[in-house]
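Peer 1: To start, I am sharing the structure in question, which I have written as C-alpha cells.
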Amino acid sequence: MDLLTTTCHLCEQPLVQQVPFDGHLFCCHGCRELWRILGDEEIQALKSRPGLKWENLREGLTSTKIPVSTDSDPRTITVGIDGMWCASCSILVEHVLERTSGVYAAHIDFATSSAEITFEQRTVSSEKIIRVITKLGYGAEEHTQDAFDANFDRDQHLLKRFGVSAVIAVFVMMCSVPVWSGYLPQLPPLLRHILAYGLWTLATPVVFWCGWPFLRGAWTSIRHGVATMDLLIALGSLSAYTYSAYIVLHGGTYLYFDTSTMLVTFLLLSRNLEVGARRRATELTRMLSHLTVKSATVLIDGQETTLPTDHIRVGQSVVIRPGDRIAVDGVVLDGASTLDQSFLTGEALPADKGPGDTVYAGSINHQGRLVVQTLRRAEDSILAQTTKFVRHAQGEQDKWRQLADRVLRIFVPGVLGVALLTFVLWLTWGQVSLTSALLYTIAVLVIACPCALSVATPIAVLAGSQRLAQGGMLLRSHDALERSAKIDTILLDKTGTLTEGQMAVAAIFPDDPGLIQLAASVEIASEHPVAMAMVRYAEELQIPLLPLKDFSNTPGFGVRAQVDRHAVELTAVLDLTELSPEMRMHTNKFLGQGHTVAHMKIDGQVAGLVGFSDRIRADAALGVAQLHTGGLEVWMVTGDNRETACIVASEVGITRVKSQQQPLDKANLVRTLQEAGRTVAFVGDGVNDAPALVQADLGIAMGTGSDIALEAGHLTLTRPRLSSIAETLVTGKRVSEIIRQNLLWALVYNLMALPAAAFGLAYPFVAALAMVLSSAFVLGNSMRILGWSPRRYVMGASVVVTTVGLLAAIAYLGL
C-alpha cells in the first residue's frame, strides 16, 4: 500500500489529483490503465533501467495493426486531445487506437496534445475514432480548418472580453470615487441608490461575462479537486461582488464592485498575452507539417500507383513530376532536374540533380521528371526528423511552465487556507460580528489575487517590444527579451541573413552592353534564379531585350536559343582548357571570389563570362562589429561550401565558420555550445534554420525569410538592419532588470499585504487600493523602458495630489 505517497506509482510525477487503484495512487487514469495492462513486475523492470523511458513502455505493448491491402482507401487525420496529464496518457491513447479495427497507425504527440491517425475509411470513420478517445475520458476534436478557425474565434472572444472589461472598469473606478471618499452617505437617497445600483449593473457583465473563463476554470478545478489560480480569482471577484450586492440591498455604504472589475481586467490582460504566445508556438509545427506530402506516385510492376506516403517502403521507386514536392528521401535512378531544397540548405540557388544524386523529402522539383529510389521511410526523413526535433524542443521549454504550475498548486491552497483560518479565528477568538469576519476574509482573497504578479512580466515585455519595434524588431515569444539578456554567443546564418538571399550579377567580362542584351534575352524564358538575376541586371541598366526562338533548357547544363540570328548559349559547366588565357584567368578570379560562373557562347565561341553571387548586406560588417564590441562570440553557420563561406566571413569580420551544415547539424552545434556553458542566440531566415532557432536560447528570424523561420524565432527582424540585433540584446538586459524589480515588488507586496489583511489591518477597500497601487507601481516602472521618467511628472502628480486632498477635505467637512 502506498496511499501516503505524493507521487504517481507509474510515472513518479507529483500528484495533482489522486486516482487510487489496487492499493496504489496514480496521477491520472492513463497511468492507472497502463499499470493494469503491463503489470507491476514489468513496470518495476522498466524502472530498474537508467531512467524511465516512455519508449520502453511502448515496446511492452503489443498492437494488432491490420495489413494494408492494395485496394485500400486510407486517410490520415490529426486530432487534438484535451486532458492528457502526462506521457503515459499518450501511450494509453495510442495503444487503444492501434487496437481499433481499421486503424493502420496512430502517433500521439504529448508535447502538442495531438494525434496523427491513419485508418481505412471503409472500415472505420473519423467520428468513431474520436468516440474511442472520448470514451477514455479525454476531449477530442479533429484538426480541420474549421477547428483552427474555431480556436481563432475563441482567442478573439477572449480579447473582446478584455476590451469590454477594461472600458467598464474605467467607468466603475470613476463612479466609485464617492465610495472611496466616504461621501456616499452624504448624497441624496435617490442619487445614492442610482449610483449603487449603477455600479452593480456595470460590474455584473464584467464578473459573469468577461470573467467567464475564470469562473469556468474554477468550476473545473472544483470538479476535479484541484486548486488552481482560476479558483482564487473567481473567489476573490465573486466574494467582493456578492458582498457588495448584499450591501446594496440592505442600504449599506461600502461597496467593492470596483475591486471585482479590476481583478478581472488585470488578469484578462495577462491571459490574452499567454494565449498569443501559445498560439504562435503551435503555429510552427503546423507550418512544418505543410511541407509533408500525404501521397506519392509509386512504380509497382511498371505501373504508376498512388499510395499514402506512410505506406511507401524502402527500395520502392517514386515518380516525381515537375512542380511536385518530393515525398521521401531517396536516390535518383532516372531523369535530371533542378530542385529547390532551400528548406534544407537555405541556399537561394537550386541544386542540379541527376542519376546517383540524393534528394530529400520536402524539396520541390522544378523541371524534369525524376524516378527516385526510397532510402528511408517517410517518418524517418530529414524533414520528419526536423519536425520531431522542433516539437521536442518546444516540449522542453514547456517544463518551466509546468514548474510554475506546481508552485501555484502550493500558493493557491495556501491562500485559501489563510482565508478560511482568518474567518474562523476572527469569528471565534476575535469576537467580531459575522460581517466583519467576512470582510477580513474577503480582504485576504482580494489582496492575494495576483494582479501585480500577473502583469509584472507582460507589461515590461510590452514596453520592451514597443522600444524594439522602433528599430524594426518584433517579439514572437513572451520571454524573448528575458532570454536576450543572457546571450554571450551568437550564430549567424549566411544566406538571407548576412547576405540578401537573392542571386545577383556580381561581375561580368567583358562589360559589353551587347553581350548583356543577348544573355538576358535568352534567360528571360527560364525561371532559374540565375536567369532571373541576369534579366534584372539588364533591366537595371535599361537594356531592351530581343525576341528569341528555339529555346531549350538542359537541367544541370544551361540554356540555349536563337537571338537576333545568333545561336546563344549560357552554360554553367565548361572545360577550362578550351578557354583563352584571358578567359581562364577571369574564370579563376570569379571562382576565387566565391561567384557562380556562367560562360556565354555566341555561335559556338565563348564570348563572355558572368559571375553570380548572393550580395552581402550593406550593414553586415557594422552589425558584426557591434556584436564583437558587446563582448559576444560570433559564428557564421551555413549550408554552403567552405570556400564561399570563408570569403563571406572574411568580408564581414567573422573568424569562426561552420560550412555545409544541414538543419539538424546547426541545431546540434547550438546544443554543443550550450553544453559547454554558452548561452546561444541564432539568427536565420530559412526553413532549414527552424531547428536551430528553436534549440537556441534566443532565436532571431529575418523578416524577409520563410514563414516557418518566422514562427520558429523568438524575435523577428522586420528590417534588413543587422545593427538592430546588438540594440536588442542591450534592451533585453534592461527589460530583464525591470522584470526582476517588478517581481521583487510583487513578492514583497504579497508577503506584507497578506498578513495585514489576515490581522484585520486592511478592509476590502484598503485591499483593493493596495492592489491598484501595486499594479500602478509595476506599470510606471515598466514605462521607464520607453524613456519615461517619474521626475518629469512630479509637478503634475503634485497638482493631482493637492486636488484629491482638497476634495477629500471638502467631503470630510460636508461642504
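The values are calculated or read from the model by the stated rules, or taken from the named source; none is laboratory data. The shown structure was predicted, so the numbers you read here are calculated from the model rather than taken from an experiment. For neighbour counting, all protein chains shown are included, and Cβ atoms are generated from backbone atoms with ideal geometry for every residue, glycine included. With ligands, DNA and RNA removed, areas are computed over all heavy atoms of the protein, side chains included. Shrake-Rupley method; radii C 1.70, N 1.55, O 1.52, S 1.80 Å.
Peer 1: Stokes-Einstein at 25 °C, 0.890 mPa s, Kirkwood radius from Cα pairs: D for region 583-671 in µm² s⁻¹?
Peer 2: Numbers: Rh = 15.2 Å.
Translational D for this selection: 161 µm²/s.
Peer 1: Using a 1.4 Å probe on the protein heavy atoms only, what accessible surface does residue 601 show? Give it in Å² to the nearest 10.
Peer 2: Surface open to solvent at residue 601 totals about 40 Å².
Peer 1: Which loop-located chymotrypsin sites (Phe, Trp or Tyr not before Pro) does region 518-626 contain, where loop means any DSSP state but H, G, I, E or B and the Cβ has at most 16 other Cβ atoms within 10 Å?
Peer 2: Details: sites: 537, 551, 557, 590, 612; in loops: 557.
Qualifying residues, ordered by number: 557.
Peer 1: So, for region 546-683, what is the accessible surface per residue at a probe of 1.4 Å, expressed in square angstrom?
Peer 2: 48 Å²
Peer 1: Here's something else I'd like to know. Largest first, how would 311, 250 line up by accessible area (1.4 Å probe)?
Peer 2: Order by accessible area, largest first: 250, 311.
Peer 1: Still on this structure, please answer the following. For region 525-598, what value does the Rg/Rh ratio take when both radii are computed over Cα atoms and Rh is the Kirkwood radius, given to two decimals?
Peer 2: 0.98
Peer 1: So how much accessible area does residue 584 have, in Å² to the nearest 10, using a 1.4 Å probe?
Peer 2: Looks like 80 Å² after rounding.
Peer 1: Please report the accessible area of residue 599 (heavy atoms, 1.4 Å probe, ligands and nucleic acids excluded) in Å², nearest 10.
Peer 2: For residue 599, the solvent-accessible surface is approximately 10 Å².
Peer 1: Please list 582, 727 from largest to smallest accessible area, probe radius 1.4 Å, with all protein chains kept in place.
Peer 2: So the residues, ranked largest to smallest area, are 582, 727.
Peer 1: A further question follows. When the Kirkwood hydrodynamic radius is evaluated over all pairs of different C-alpha atoms of region 630-692, what value in angstrom, to one decimal, is obtained?
Peer 2: Taking every pair of different Cα atoms in region 630-692, averaging 1/r and inverting gives 12.2 Å.
Peer 1: Follow-up question, since we're still on this one. Probe radius 1.4 Å, ligands and nucleic acids ignored: give me the carbon and sulfur share of the accessible area of region 531-611 as a rounded percent. Display every interim value, and only then the final one.
Peer 2: On the way: 2350 of 4390 Å².
C and S atoms contribute 54 percent here.
Peer 1: In whole angstrom, and with the biggest value first, how far do the Cα coordinates of region 474-526 range along each principal axis?
Peer 2: 57, 22, 14
Peer 1: While we're here: Could you sort 779, 268 by accessible area so the largest value comes first, with the probe set to 1.4 Å? Could the numbers behind the result be given before it?
Peer 2: Numbers: 779 85, 268 0 Å².
Putting 779, 268 in descending order of accessible area: 779, 268.
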